[in-house]
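Peer 1: Below you will find the structure I want to go over with you.
The values are calculated or read from the model by the stated rules, or taken from the named source; none is laboratory data. The structure presented is a predicted model; accordingly, all values stated were derived computationally and were not measured. Because the Cβ atoms are built from the backbone with ideal geometry, glycine has one as well, and the counts that use them run over all protein chains shown.
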Amino acid sequence: MPDTPVNAAIDLRTRIESRLRDTLPGGDPLAPFMRDLPPEKHEALRSAVPANLASAAVLVPLVERPEGLTVLLTLRASHLKHHAGQVSFPGGRVEPHDAGPWEAALREAEEEIGLTRDFITRAGYLADQMVISGFRVTPAVGFVRPGFDLRLDRTEVEDVFEVPLDFILDPANHVPRDRHFMGATIVSYDIPYQGRQIWGATANMLVSLFRMLREG
């Protein structure tokens, strides 16, 4: 079969499905920070983290465009208390009435940007990650069928945009940066794209997706 953009997109979706199949929410939320931190610093970092982190979930939406998969991202409103003006995934706190992280991510995506669940197929989960606002975040990955009509909640989301997944998965676009976190200097990543700066937990989750596919 000739190597065409369509075939490449099908192959990439198949790889993602294979790697995420049967995954469950959970994992060590500090793992992304421990990876590049000297072992002697691990215990100090763990002891600085609150014992009971609040649970949150985000949807990592992979849109199935004819030219290939893209990642749908939001630009958070500038007046928000946490992560104002940052590039993010749709998501938020897991509420008591949510059946779990997947349901919370779907609910938040519909509330924030009007992306309804009938366009979304579950792929699986990336490992949980801690964010500095005090949440343990579960990234729920879903494939999104085109044809959706977004309606932004302007109290939370200022804009939405898509980035080709091939761009995200190119390590040349992962810019390492030292950041201070819980008294430790850790390696985080920026992913600049067309004047937008994807950084922090959002970039780290995307780098986690890259590593999962590379190591698979």
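Peer 1: When Thr138 is evaluated against the numbered criteria (1) free of Cβ contacts under 8 Å to residues at least 40 places away in the same chain; (2) within 15 Å of the chain's Cα centre (by Cα), which criterion, by number, is the only one it fails?
Peer 2: (1)
Peer 1: Just checking, how many residues over segment 3-54 are under 29 Å from Pro66 (Cβ atoms), assigned to a helix (DSSP H, G or I) and not hydrophobic (A, V, I, L, M, F, W, C)?
Peer 2: Counting residues in segment 3-54 that are under 29 Å from Pro66 (Cβ atoms), assigned to a helix (DSSP H, G or I) and not hydrophobic (A, V, I, L, M, F, W, C) gives 9.
Peer 1: If you check Arg145 against the conditions, is it among the charged types (D, E, K, R) and exposed (fewer than 14 other Cβ atoms within 10 Å of the Cβ)?
Peer 2: Considered against the rule, which asks whether it is among the charged types (D, E, K, R) and exposed (fewer than 14 other Cβ atoms within 10 Å of the Cβ), Arg145 comes out as yes.
Peer 1: How many of the residues making up segment 149-168 are without any contact (Cβ under 8 Å) to a residue 60 or more places away in the chain and either under 15 Å from the mean Cα position of the chain (by Cα) or within 24 Å of Leu209 (Cα to Cα) (or both)?
Peer 2: 1
Peer 1: Within segment 164-178, how many residues turn out to be closer than 24 Å to Met130 by Cα and surrounded by 15 or more Cβ atoms within 10 Å (Cβ to Cβ)?
Peer 2: Selection size over segment 164-178: 5.
Peer 1: Is it the case that some residue within segment 43-56 is under 22 Å from Arg15 (Cβ atoms) and at pLDDT 85 or above?
Peer 2: The answer is no, given that none of the residues of segment 43-56 is under 22 Å from Arg15 (Cβ atoms) and at pLDDT 85 or above.
Peer 1: Show the residue pairs meeting these rules: Cβ distance below 8 Å; 6+ apart or different chains; first residue within segment 19-35 and at positive phi and surrounded by fewer than 13 Cβ atoms within 10 Å (Cβ to Cβ); second residue at pLDDT 80 or above and of a type outside the set (D, E, K, R).
Peer 2: What qualifies is Asp22/Gly124; Gly26/Tyr125; Gly26/Ala127; Gly26/Thr138.
Peer 1: If you don't mind, there's one more thing I want to ask. Any residue that is surrounded by 20 or more Cβ atoms within 10 Å (Cβ to Cβ), part of a strand (DSSP E or B) and not polar (S, T, N, Q) - is there at least one of those in segment 112-119?
Peer 2: No, segment 112-119 contains no residue that is surrounded by 20 or more Cβ atoms within 10 Å (Cβ to Cβ), part of a strand (DSSP E or B) and not polar (S, T, N, Q).
Peer 1: Look through segment 136-183, keep the residues that are part of a strand (DSSP E or B) and of a type in the set (Phe, Trp, Tyr), and return whichever of them is nearest to Asn7 (Cα to Cα).
Peer 2: Phe143
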